[in-house]
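Take a look at the structure below.
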Amino acid sequence: MAYIIAEPCIGTKDTACVDACPVDCIHPRRDEQNFASEEMLYIDPEQCIDCGACVPVCPVSAIFAESDLPAQWQEYAERNRAYYVKEQTNAK
Ligand code: SF4
């Protein structure tokens with residue numbers, strides 16, 4: 001299981017979660033090249049340790065445990081995962 005960032009992040013990209021995450025698994029960070037072009041932030045499901053530290057710091061309550069992800073935002077589990085698949089492909 002991993003935590004998931006959902007729709008409220010779109011257009012918000014607050015990044016308080018990035019600073020709260022102990023394993024740096026939320027991207028893009030503000031210092032990353034694609035920060036401006038991505039509409040939201042994503043959690044790497046392979047790296048997330050399910051600590052929950054990102055949840056209370058999000059000003060728009062965009063982050064959920066996968067098991068608590070609201071039904072209308074189920075697609076965001078795949079969107080978070082897909083971001084990291086794309087990043088790996090770009091790195092090759
Ligand atoms: Fe990072 Fe913990 Fe949030 Fe996972 S649950 S993204 S490890 S702060």
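Values in this text are rule-based calculations from the coordinates and carry no lab data. The shown structure was predicted, so the numbers you read here are calculated from the model rather than taken from an experiment. We place every Cβ from the backbone using ideal geometry, glycine too, and count neighbours over all the protein chains shown.
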Cysteines, the chain, no other Cys beta-carbon under 4.7 Å: C9, C21, C25, C48, C51, C58
Qualifying chymotrypsin sites (Phe, Trp or Tyr not before Pro) for the range 1-76 [loop in DSSP, other Cβ within 10 Å: at most 15]: F35
Per-pair calculated FRET efficiency, R0 = 22 Å: V23 and Q74 via Cβ, rounded to 0.05: 0.35
In the range 35-82, the GluC sites (Glu not before Pro) that fall in loop regions by DSSP, at most 11 other Cβ within 10 Å: E39, E46
Radius ratio Rg over Rh of the chain, counting only Cα atoms, Kirkwood formula for Rh: 0.92
For the range 59-92 versus the range 26-55, the gap between their alpha-carbon centres in whole angstrom: 9 Å
Per-residue HN-Hα couplings for the range 27-35 [Karplus 6.51, -1.76, 1.60; θ = phi - 60°; Hz; x = Gly/Pro]: 9, x, 6, 4, 8, 8, 4, 8, 4
